[in-house]
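First comes the structure, then the notes that go with it.
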Amino acid sequence: MNIIEQIASERVRITEEKLLSDNWYVLKRYTFNYLGNNGKWTTQQREAYDRGNGATILLHNPQTDTVILTRQFRLPTFVNGNETGLLIEACAGLLDDEHPDDAIRREMEEETGFRIESVQKVMEAYMSPGSVTEKLFFYIAEYSADTQRNAGGGIEEEEIEILELPVAEAMAMIKQGEIQDGKTIMLLQHLRLRQLS
């Protein structure tokens with residue numbers, strides 16, 4: 001622990017942790033004392049939703065300059081104004097106690113049908129740190145027709161459509177509001193910046 005982490009940990013004292021729900025994932029309310037920059041302690045409450053950490057990957061074919069994305073129904077987007085509830089995304093999933101490298105290889109094959117051993121981690125990010133504990137591990141991998149093993153589409157009740165799009169079209173879809181998923185936008189922007197450097 002470095003000095004900044006030590007100081008930060010000394011400024012927070014959790015006094016109560018209350019389970020509110022564990023129906024799907026875990027929602028807890030925390031009561032804590034926080035030492036502000038003004039030197040005064042305040043008591044605060046926050047709720048945190050714990051669904052575990054996840055990983056996401058953008059598959060890119062440098063020969064054709066295309067990417068593999070998915071489209072599936074996402075209820076939270078539907079109740080927040082997405083008329084169809086369908087969202088275009090980079091392949092992603094929860095770690096389920098696996099190392100992020102292993103988890104993303106598993107998710108990639110389940111969702112997209114591609115089996116690729118060589119994946120490159122490009123970053124880690126908290127996606128909604130005001131209320132969700134989840135950290136995402138971001139990856140990029142190169143694909144080709146030779147790396148596809150099955151049709152993909154997910155498992156159990158998942159209904160995942162596979163999309164292969166030119167990078168230029170995917171970037172235009174961000175601008176037009178057709179791609180609105182944060183992790184996907186981040187990966188596409190990362191790829192574009194890498195191409196331009």
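Here, each number is a calculation from the coordinates, and none is a lab measurement. Since the structure is predicted, the reported quantities are computational estimates derived from the model, not experimental observations. For neighbour counting, all protein chains shown are included, and Cβ atoms are generated from backbone atoms with ideal geometry for every residue, glycine included.
For the chain, modelled as a GNM whose springs connect Cα atoms under 10 angstrom apart, the maximal fluctuation among Asp102, Asp50, Asp146 occurs at Asp146. Among beta bridges from DSSP that stay inside region 54-196, the antiparallel ones total about 75%. Straight-line cross-link reach from Lys135 at under 20 Å between alpha-carbon atoms covers these lysines, not counting any fewer than eight positions away in the same chain: Lys28, Lys121, Lys183. Per-residue ellipticity at 222 nm, computed for the chain from helices alone with -39500 (n - 2.57) per DSSP H run of at least four residues, works out to -7500 deg cm²/dmol.
Evaluating 6.51 cos²θ - 1.76 cosθ + 1.60 at θ = phi - 60° for every residue in region 180-185, the Karplus couplings come out as 10, 7, x, 5, 5, 4 Hz, glycine and proline recorded as x.
Among His60, His190, sorting on how many other beta-carbon atoms sit within 10 Å of each Cβ, with the fewest leading, yields His190, His60. For region 189-196, the Karplus equation 6.51 cos²θ - 1.76 cosθ + 1.60, evaluated at θ = phi - 60°, returns couplings of 5, 4, 4, 4, 4, 5, 5, 7 Hz by residue, with Gly and Pro reported as x. Packing-based ranking of 105-112, 122-129 yields 105-112, 122-129, ordered from highest to lowest mean Cβ neighbour count within 10 Å. At q = 0.13, 0.14, 0.15 Å⁻¹, what log₁₀ I(q)/I(0) does the chain have when each alpha carbon counts as one equal point scatterer in the Debye sum? Those come out to -0.81, -0.90, -0.98, one per q. Residue-wise HN-Hα couplings along region 36-50, as the Karplus relation 6.51 cos²θ - 1.76 cosθ + 1.60 with θ = phi - 60° gives them from phi, are x, 4, 7, x, 9, 8, 10, 9, 9, 10, 9, 9, 9, 9, 10 Hz; Gly and Pro carry x.
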